[in-house]
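The values are calculated or read from the model by the stated rules, or taken from the named source; none is laboratory data. Computed from a predicted structure; not experimentally measured. Using ideal geometry, Cβ is built from the backbone for each residue, glycine included, and neighbour counts are taken over all protein chains shown. We work out accessible area using only protein heavy atoms, side chains counted, and drop any ligands, DNA or RNA first. Shrake-Rupley method; radii C 1.70, N 1.55, O 1.52, S 1.80 Å.
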Amino acid sequence: MRKLFLAGAFALLGAVSVSAQASGYPKLGFHVGLLTGDAADVYSFNAGADVAYLWNMGSGFDLGLTSGYSHYFVKSDYSDYVDGAGVIPIAATAKYTVAPNFFLGADLGYALDTAKDSDGGFYYQPKVGYESGNTEFYLAYKGISNNGSIGSVNVGVAFKLGQ
């Protein structure tokens, strides 16, 4: 599954880089979130950093690739039994400007679990945000699904670099 997803990600990168204009930009972001569902019983919150590269496809629509790292911090009641969890998403990302300074976005892909002998899962993150200059503020739901799911409601900030 991982090899298939990575092959798809490289194919998407090739297609986007061939069809996109030279108007791309990198982003660096940070997020923090509260866990939802059964995961909230064991983990208290998550925090992480994200990197992305997006290309303007026209009419307020940007498309690109994203990755990063999110760490899920275990509650002290469970720290003797469970370690914190870490995930590295590899995903396509999209952003659509719906009104001046407001956008909708989504990340879709695969999240690699950093624990030894652990599987990752389908990664999704819908977002709504506000953009001010080269800074974006957003609210998102981050989910990872694989024979069960882990989810969190996140707030984040991202900085467009080189613009």
Single match in Val82, Val51, Val42 (criterion: over 18 Å from Asn146 (Cβ atoms) and either open to solvent by 20 Å² or more (accessible area, probe 1.4 Å) or free of Cβ contacts under 8 Å to residues at least 40 places away in the same chain (or both)): Val51
Count of the range 46-105 residues which are part of a strand (DSSP E or B) and of a type in the set (S, T, N, Q): 7
Considering residues of the range 128-140 that are free of Cβ contacts under 8 Å to residues at least 24 places away in the same chain and in contact with a Gly (Cβ under 9 Å, 6 or more places away or on another chain) only, the residue most open to solvent (accessible area, probe 1.4 Å): Phe137
Test: residue in the range 142-154 that is open to solvent by less than 40 Å² (accessible area, probe 1.4 Å) and not in a strand (DSSP E or B): no
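Just a yes or no: is a residue in the range 66-75 over 17 Å from Val42 (Cβ atoms), open to solvent by 30 Å² or more (accessible area, probe 1.4 Å) and in contact with a helix residue (DSSP H, G or I) (Cβ under 8 Å, 6 or more places away or on another chain)?
Quick first cut of the range 66-75, residues over 17 Å from Val42 (Cβ atoms) only: 66-69.
Cutting the leftovers down to open to solvent by 30 Å² or more (accessible area, probe 1.4 Å) gives us 67, 69.
Keeping just the survivors that are in contact with a helix residue (DSSP H, G or I) (Cβ under 8 Å, 6 or more places away or on another chain) gives none.
Within the range 66-75, none of the residues are over 17 Å from Val42 (Cβ atoms), open to solvent by 30 Å² or more (accessible area, probe 1.4 Å) and in contact with a helix residue (DSSP H, G or I) (Cβ under 8 Å, 6 or more places away or on another chain).
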Residue list for the range 43-81, restricted to those being β-branched (Val, Ile, Thr) and touching a Leu at 6+ places or on another chain (Cβ under 8 Å): Val51
Members of the range 33-45 found to be assigned to a strand (DSSP E or B) and either more than 11 Å from Val74 (Cα to Cα) or in contact with a Pro (Cβ under 6 Å, 6 or more places away or on another chain) (or both), listed by number: Gly33, Leu34, Thr36
Evaluation of Leu112 against (1) without any contact (Cβ under 8 Å) to a residue 40 or more places away in the chain; (2) over 14 Å from Ala158 (Cβ atoms); (3) open to solvent by 20 Å² or more (accessible area, probe 1.4 Å); (4) in contact with a strand residue (DSSP E or B) (Cβ under 7 Å, 6 or more places away or on another chain) (one fails), failing number: (1)
